[in-house]
Amino acid sequence: MLSAADFKLRLDLIFSLAQQNGLQEVEVSSEDLHKRVGGYPGRDHRMPLCCQVMTQYFTEKAGDHIVETPPSGQGATLRIRYVLPRPAQ
């Protein structure tokens, strides 16, 4: 069963790789993040947990921007643009 730590590790990796490539921001969708971690789509997906982790990393003060929010607030269409480098979590 996937945990919040699984999503956090992958999100940290996405940030690290984007920053190494000289990007100043990176846009992440919950669908893409969950597919990279595994288990999506599927009967035992953890999309609500994936979205919770993404929103925990969201920092308006850092300049992050929510590009798209699913109607329920937790779904595959959540899309957040994160500014790099990330503030300490």
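Laboratory data are not the source of any read-out in this text; all were calculated from the coordinates shown. Every value quoted in this text rests on a predicted model; they were computed, and no experiment measured them. No Cβ is skipped: glycine too gets one built from the backbone with ideal geometry, and neighbour counts run over all protein chains shown.
If you take all other residues with their beta carbon under 15 Å from the beta carbon of Val53, and give Lys and Arg +1 and Asp and Glu -1, the sum is +2. Remark: Glu68, Glu27, Glu60 ranked as Glu60, Glu68, Glu27, counting other beta-carbon atoms within 10 Å and listing the fewest first. Residue separation of Thr69 and Gln56 scaled by 0.36 nm, minus their Cα-Cα distance, works out to 3.2 nm of gained length. Normalised Debye scattering of the chain at q = 0.23 Å⁻¹ gives log10 I(q)/I(0) of -1.16, counting only Cα atoms as equal scatterers and leaving out solvent. Summary value for the chain: 35 percent relative contact order, contacts being C-alpha pairs under 8 angstrom separated by 6+ residues.
Taking other Cβ atoms within 10 Å as a rough exposure proxy, Tyr82, Tyr40 sort from fewest to most as Tyr40, Tyr82. Before rounding to the nearest 500, sum -39500 (n - 2.57) across all DSSP H runs of length at least 4 in the chain and divide by the residue total; then give [θ] at 222 nm in deg cm²/dmol. Calculated mean residue ellipticity at 222 nm is -12500 deg cm²/dmol.
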